[in-house]
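The values are calculated or read from the model by the stated rules, or taken from the named source; none is laboratory data. Everything numeric here is computed off the predicted structure, so don't read it as measured data. With ideal geometry, Cβ positions are generated from the backbone for all residues, glycine too; neighbour counts draw on all protein chains shown.
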């Protein structure tokens, strides 16, 4: 039977009029999803996300499926994408309204989920989208601390440049859980083995009392002092014994070695620090478009005083350029040694040479001055078991080659007495092997040298050893004073203005 044009049009109109003869837009979309292997359900929304099926997500979007839908645990699709490294899905979800720091189960952000799932590339990706490293989950853990607790060294490496303020706390946690790979990563980025808990415990003490032999060995190799004491006067070996870890205690508690009672020269300290930084290997290569590359060095100089450094200001970006979309651009990570310091925006700052603090060193001795009475000093020696010794000028400190030159009491202002003049006890000693001299004062643990920092000129790659009181000039003639060197930072003063800025410890690879 033939049908003319009029009949065809009539049939089409009839189909439009009859409900059973047409499909709605939603039915067509459902059919399209079905053809792609999905249904318009919560389960399949999350399945498409995990499979990084952006085409399917677009079909869900056309069907007006809510992008903020949660699963039974309370997570959103962005958390699901983070857990499997589905960057395509995550990109789609961010473009369609989900916040990069949206909270899900346990109050965790997608960045935290990526950390927990050991998705290092996804962690890097979220950081470049501006994810907040300062947020905490319901257990009060930030992303970096989660990475440390779970032993995710790759995530630790990505997060460390963004959360430098927590590096020391992270190192103490790594020592607690005994993660040597994480300890190594954190110290390379600037975590200090001299960090202390509120009760005075160092990372070495924490690792020792928890029986983590490999972590103890690594911390000793990194320069931790086995002779330091906590606020109760206990050394790491004693804490290990008390906790029942005799083998770990034996690793630490050998008798004092000769160098542990020696007074070190700046040259000796510089050599050791330089070797430590070299052993860490080169800094990670910066991505294209950044100023993160540092020139190859041409040797270490001792001391910094009198040297002329480049006047250029170093502003470095550590993790690649932010993505072009402004709403998701990562905050710029800059070198705090530049004029863009951590001071408030309204505070006056000064341009500085591009110095980077790579390493810190202090060498505590197992000796402390208690008091001086007349011509006799009372000193406490902790090595080999606590004991008290009485010494006078000409005597040798028991167990060492250090000879007492003089003992005295004098008035002095210092950090110990909050810069208020007070009478202190002083013992001056001379190293019988090298002839070097040093003063020890009461209230401060004896040391073999002043605290020092190994700094690097980012413009030339040349390294210098810096200690409190040293001065140097920039190429433009500006004079600077190193007013303090601390385990985590160095304080620089512009002599002419008196203004100060801090350079944080960045570590060998930081």
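Is it the case that residue 99 is without any contact (Cβ under 8 Å) to a residue 24 or more places away in the chain, assigned by TED's automatic domain parsing to the domain that holds residue 146 and under 30 Å from residue 165 (Cα atoms)?
The answer is yes for residue 99.
If I ask for residues that are closer than 14 Å to residue 504 by Cα and assigned to a helix (DSSP H, G or I), which ones from region 153-185 would you list?
Those that are closer than 14 Å to residue 504 by Cα and assigned to a helix (DSSP H, G or I): 160, 161, 162, 164, 165, 166, 167, 168.
Any residue at all in region 31-42 that is in a helix (DSSP H, G or I), farther than 30 Å from residue 137 by Cα, touching a helix residue (DSSP H, G or I) at 6+ places or on another chain (Cβ under 7 Å) and modelled with pLDDT under 95?
Yes: one or more hits.
Quick check, is residue 457 surrounded by 15 or more Cβ atoms within 10 Å (Cβ to Cβ), free of Cβ contacts under 8 Å to residues at least 12 places away in the same chain and outside the structural domain of residue 223 (by TED's automatic domain parsing)?
No.
Quick one: is residue 462 surrounded by fewer than 21 Cβ atoms within 10 Å (Cβ to Cβ) and assigned by TED's automatic domain parsing to the domain that holds residue 273?
yes
Suppose the filter is assigned to a strand (DSSP E or B) and more than 27 Å from the chain's Cα centre (by Cα); does residue 429 pass it?
yes
Of the residues 384, 394, which is exposed (fewer than 14 other Cβ atoms within 10 Å of the Cβ), modelled with pLDDT of 90 or more and assigned to a loop (DSSP other than H, G, I, E, B)?
394
Look through region 398-418, keep the residues that are at pLDDT 90 or above and under 16 Å from residue 431 (Cα atoms), and return whichever of them is surrounded by the most Cβ atoms within 10 Å (Cβ to Cβ).
402
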